[in-house]
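> Below are the C-alpha cells for one structure; questions will follow.
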Amino acid sequence: CSPTYSAQAAEPPRSVGGLSLGGAIDEMPYEAHNYFTREVIITDLPGFHKGFITYGTCRYPDRILRIKLKYRDRSQKFFKLLLERFKQRFGDSPQFDGDQYGNVRAWKWRFTDQEGNRVTLELQHNLKDRTETIGNMVKLSMPGAIAAERDCFNETHTEKDESGSNYSEQDWLQ
C-alpha cells in the first residue's frame, strides 16, 4: 500500500532550520559519516540541540536528502505548540506515525513538490523510547531520492562472479 501524497499546502516545505533539501552538503560544517548515504552531525543551529543531515553519494552526490533536527526545547508543551503551527501551515490532517503506547508521538505530512519529488515532513515527540531521540524532533526528507540513492549504490557496489552474475542472485546453499 503506497502512502498518499497530498497537496494541502500551496508549497511543500523544502527547508528547516536554515537547511534545504537538495542543498549542497559542502557548505555545512560536519562531524561524522555512514553507509550508502552519508550523514553529518551539525551542532550549531539556533533553536536546535543538533541536526543529522543525510546526503547522497551516488545518484545525488553531495545533495541533502534528509534533515533531522532535535529541538533544544524537549517539553511536550512545546511539541503541542509546534504541532498546531505545523497543522496551520501544512494541513490539519497529518498521518499519526507514533507507537501504540504513546511513548513516541509523531505526525507525518506527505507532499509532492513541483519537480514531482515526494517530500515527507514529520514532527515527533518522544517521552521514553531510548532507541529514539528523547524530546522533540522535526524530520524532512525525500524518500524517493533516498530509494534511488540506495538503488544506485547497490548497482555500483554489487560484486560479480567470473560469469558476470551478481553474487546476490546465486543460490549460496549449493
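The values are calculated or read from the model by the stated rules, or taken from the named source; none is laboratory data. Predicted model only: the values in this text are computed from it and were never measured. Here the Cβ is made from the backbone with ideal geometry for all residues, glycine too, and neighbour counts use every protein chain on show. When the accessible area is computed, the model is the full protein with side chains, heavy atoms only, and any ligands, DNA or RNA have been set aside. Shrake-Rupley method; radii C 1.70, N 1.55, O 1.52, S 1.80 Å.
> Filter region 93-113 down to the residues that are in contact (Cβ under 8 Å) with a residue 40 or more places away in the chain, open to solvent by 50 Å² or more (accessible area, probe 1.4 Å) and out of contact with any helix residue (DSSP H, G or I) (no Cβ under 9 Å at 6 or more places or on another chain) and list them by number.
Gln95, Thr112, listed by residue number.
> Looking at region 117-174, which of the residues that are in contact with a Lys or Arg (Cβ under 9 Å, 6 or more places away or on another chain) and part of a loop (DSSP other than H, G, I, E, B) is modelled with the lowest pLDDT?
Checked region 117-174; the qualifying residue modelled with the lowest pLDDT is Thr133.
> Still on this model: Within region 39-59, restricting attention to residues that are among the polar types (S, T, N, Q) and part of a loop (DSSP other than H, G, I, E, B), which residue is surrounded by the fewest Cβ atoms within 10 Å (Cβ to Cβ)?
Top of the filtered list is Thr43.
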